[in-house]
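Have a look at the structure below, then the notes.
The values are calculated or read from the model by the stated rules, or taken from the named source; none is laboratory data. Quantities reported herein were computed from a predicted structural model and do not represent experimental measurements. Virtual Cβ from ideal backbone geometry, glycine too; neighbours counted across all protein chains shown.
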Amino acid sequence: MTKVIAIAHEKGGVGKTTTVINLGIGLARQGKNVLLLDADPQGDLTKCLGVKDPKALRHTIATCMDHLIAHGEEDDPPDFAYTDAIRQHDEGVDFIPANAGLAATEVTLVNSMSRETVLRQYLDVVKQEYDYVLIDCRPSLGLTVINALTAADSVIIPVQAHILAAQDMDALFKTIGRVRRQLNPRLQVDGICMTMVDARTNLARTTVKAIRENYGSLVRVFQSEIPFAIRAAEVPEKGQSIYAYDPNGRVAKAYEALTKEVMALGNREHEKAQDYHAR
Ligand code: ADP
Ligand code: MG
């Protein structure tokens, strides 16, 4: 069974893309089949995975969604291979790139028939091959993010260890609640992941404590905290994961630990489902 996880936060710069890459490649290193989906018109995930010029790509998540928007309701849609957009990264994950075309697609979505479910329709076609699909959301709560939450089984929320972070999540939780009520009742919050934690500063320690106190009773806050490290800030331009760039560093260790926590969740859910069927 495939688990689709949206990595979401309304704000930019909180570590979404970094988490998608290093959790995704972390899962692949544990033997899982993984698809990473860039759902941000900035194409950061695409660039971080080594695509030099996303503008020049012929097939992206946007072209696939455009095709579904135009022809999804037809009985006999024109030929189009939805898997054409899927690319391979040499650290063992597949990915679907994005570029600025996705911003235009979001505008088209507004007037389309099934405007919240286009991404889900797309993933229903391609996801069977994979154990995990991770969606890198754009920093907004607009229609593309609604599509991601509608397509997802769960959400992971990266939160930068910064004093304002604790106040920023209310809108996201409201949106998740709305999507769950109206579009996708199975959507769960897997948890909050603290990122860029600079353990030497009081500010970071206070924020982590505040998040654990304010949100810990409502949702899981993952035990693994991702430390702030210059090597992690350098890695985007290398087209690699942190495991390849700085294998013995603290950030690689932390993402490996997060990967194991996320896999343990999956296993528990799987066990629950088996218990249920065994009864
Ligand atoms: P988002 O996708 O939420 O905008 P990114 O993953 O792109 O966030 O991270 C924002 C910036 O912070 C990027 O330049 C990234 O390289 C850097 N960064 C991410 N994680 C870390 C970390 N653990 N330590 C230092 N810098 C980091
Ligand atoms: Mg990003």
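Checking the condition within 16 Å of ligand 1 (Cβ to nearest atom) and of a type outside the set (S, T, Y), which residue from N33, N22 passes?
Values: N33 fails: within 16 Å of ligand 1 (Cβ to nearest atom).
That would be N22, the only listed residue that is within 16 Å of ligand 1 (Cβ to nearest atom) and of a type outside the set (S, T, Y).
Give me a count of the residues in the stretch 236-256 that are of a type in the set (V, I, T) and either in a loop (DSSP other than H, G, I, E, B) or more than 15 Å from V93 (Cβ to Cβ) (or both). Walk me through how you get there before you give the answer.
Going residue by residue through the stretch 236-256, those that are of a type in the set (V, I, T) are 242, 251.
Okay, now just the ones that are also either in a loop (DSSP other than H, G, I, E, B) or more than 15 Å from V93 (Cβ to Cβ) (or both), so 251.
Residues flagged as of a type in the set (V, I, T) and either in a loop (DSSP other than H, G, I, E, B) or more than 15 Å from V93 (Cβ to Cβ) (or both) within the stretch 236-256 amount to 1.
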Of (1) more than 17 Å from G191 (Cβ to Cβ); (2) of a type in the set (V, I, T); (3) not in a helix (DSSP H, G or I), T150 satisfies all except one. Which? (3)
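With the requirement that a residue be touching a residue at least 40 places away in the same chain (Cβ under 8 Å) and farther than 21 Å from Q121 by Cβ, what does the stretch 64-98 give you? Full working, then the answer.
The first filter runs over the stretch 64-98 and keeps only residues touching a residue at least 40 places away in the same chain (Cβ under 8 Å), leaving 64-66, 68-69, 72-73, 82-83, 86, 89, 91-98.
Passing the criteria: H89, E91, G92, V93.
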Suppose the filter is over 20 Å from A148 (Cα atoms), modelled with pLDDT of 95 or more and either within 16 Å of ligand 1 (Cβ to nearest atom) or not small (G, A, S) (or both); does E91 pass it? yes
Within the stretch 159-175, does at least one residue satisfy the condition of being within 23 Å of L123 (Cα to Cα), free of Cβ contacts under 8 Å to residues at least 40 places away in the same chain and part of a loop (DSSP other than H, G, I, E, B)? no
Residue satisfying condition, being closer than 27 Å to S224 by Cβ, out of contact with any Asp or Glu (no Cβ under 7 Å at 6 or more places or on another chain), surrounded by 18 or more Cβ atoms within 10 Å (Cβ to Cβ) and not hydroxyl-bearing (S, T, Y), within set I96, I25, I21: I21
Residue list for the stretch 29-63, restricted to those being touching a residue at least 40 places away in the same chain (Cβ under 8 Å) and either part of a helix (DSSP H, G or I) or among the aromatic types (F, W, Y) (or both): R29, D44, L45, T46, K47, C48, P54, K55, I61, A62
Exactly one of these conditions fails for C193: (1) modelled with pLDDT of 95 or more; (2) away from ligand 2 (no atom under 16 Å from the Cβ). Give me its number. (2)
Can you tell me which of (1) over 16 Å from the mean Cα position of the chain (by Cα); (2) within 30 Å of L109 (Cα to Cα); (3) of a type in the set (D, E) is the one D190 doesn't meet? (1)
Scope the stretch 31-47; condition more than 16 Å from ligand 2 (Cβ to nearest atom) and touching a strand residue (DSSP E or B) at 6+ places or on another chain (Cβ under 7 Å); matching residues: K32, V34, L35
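Scan the stretch 48-65 and tell me whether some residue there is within 10 Å of ligand 2 (Cβ to nearest atom) and either of a type outside the set (S, T, Y) or under 19 Å from E256 (Cα atoms) (or both). Explain how you work it out, then say what you get.
Here is the first cut: in the stretch 48-65, the residues within 10 Å of ligand 2 (Cβ to nearest atom) are 48.
Now narrow it down to the ones that are either of a type outside the set (S, T, Y) or under 19 Å from E256 (Cα atoms) (or both): 48.
Checked against the condition, which is being within 10 Å of ligand 2 (Cβ to nearest atom) and either of a type outside the set (S, T, Y) or under 19 Å from E256 (Cα atoms) (or both), the stretch 48-65 yields at least one hit.
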If G216 satisfies all but one of (1) under 14 Å from Q160 (Cα atoms); (2) at pLDDT below 95, what's the number of the condition it fails? (1)
